[in-house]
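Below is one structure, written out as structure tokens, with a few remarks after it.
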């Protein structure tokens with residue numbers, strides 16, 4: 001018992017010192033309003049957004065410094081896998097991603113919907129995966145659209161091409177180059193407003209899936225050792241009203 005107690009007394013100060021001496025942890029983001037927002041004209045430097053505020057508060061509560069790095073989505077995933085970056089906000093959990101990252105407790109849930117341009121399709125709804133075979137799709141590299149979508153894409157061989165961002169996909173949709181794009185509702189409505197597409201873009205009512213978002217942490221990052229502390233901070237923020245204050249009208 002004395003040996004165990006002595007070991008704990010020796011270990012805990014070291015653990016505390018490790019936390020205090022942790023260098024700024026790199027958080028990868030990209031312009032994805034309202035979660036991550038770049039105010040510069042070229043959308044190259046994310047400086048604010050709901051997710052940025054959430055992560056900043058969490059990191060302050062666990063006494064870990066952080067720095068933002070604006071990186072395209074596909075490269076951001078690679079940096080998390082390689083351990084070059086520590087954290088990526090607002091990410092869905094998949095089996096592949098679970099191989100190289102840990103996930104916090106859930107942060108938000110949002111439906112993934114099919115968006116269409118009324119200039120091209122006056123109206124659109126769907127019931128079965130087979131209903132989607134006549135249409136062309138624009139997808140974003142590295143996005144997780146769900147297992148059911150992946151199966152349908154393979155089975156029905158949907159005609160699709162790839163973008164680097166939702167914004168690029170929306171511009172192609174408005175240009176009449178494709179028929180449908182999958183968009184998360186909250187981000188999609190914000191982008192449509194920012195791009196001033198107004199009532200030209202509509203959503204089908206049936207979702208492709210309901211998506212739960214997390215904060216993803218690289219298993220190669222020292223931040224991985226603080227997962228429990230981060231979850232405790234998230235729970236405290238939900239209990240003390242911080243989550244509700246930050247999410248505003250999106251809180252549910």
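No value in this document is a laboratory result; all are computed from the given coordinates. The structure presented is a predicted model; accordingly, all values stated were derived computationally and were not measured. For neighbour counting, all protein chains shown are included, and Cβ atoms are generated from backbone atoms with ideal geometry for every residue, glycine included.
Laid out as a table, the results:
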{"quantity": "Of 83, 176, 188, the one that fluctuates the most in a GNM where the chain has Cα springs shorter than 10 Å", "calculated": "176"}
{"quantity": "Length gained when the stretch residue 162-residue 48 is fully extended (0.36 nm per residue, less Cα-Cα span)", "calculated": "38.3 nm"}
{"quantity": "Residue order, fewest to most beta carbons within 10 Å, for 126, 149", "calculated": "126, 149"}
{"quantity": "Beta bridges by DSSP in the chain, antiparallel share as percent, to the nearest 5", "calculated": "65 percent"}
{"quantity": "Selected from 210, 48, 96 as most flexible by GNM, with the chain as the system and alpha-carbon contacts under 10 Å", "calculated": "96"}
{"quantity": "Residue exposure sequence - 184, 137 - by fewest surrounding Cβ within 10 Å", "calculated": "137, 184"}
{"quantity": "Nearest-0.05 FRET efficiency for residue 121 and residue 224, computed from C-beta distance (R0 51 Å)", "calculated": "0.70"}
{"quantity": "Inverse mean reciprocal Cα-Cα distance (Kirkwood Rh) of the chain, Å", "calculated": "19.8 Å"}
{"quantity": "0 to 90° range, to nearest 10: angle between helix 147-156 axis and the chain longest Cα axis", "calculated": "30 degrees"}
{"quantity": "Debye log10 I(q)/I(0) for the stretch 110-210, one point scatterer per Cα, at q = 0.15, 0.17, 0.21, 0.22 Å⁻¹", "calculated": "-0.53, -0.70, -1.13, -1.26"}
{"quantity": "GNM flexibility winner over the chain from 138, 225, 196 (Cα, springs under 10 Å)", "calculated": "196"}
{"quantity": "Rounded to 10°, Cα long-axis angle of helix 227-239 versus longest principal axis of the chain", "calculated": "70 degrees"}
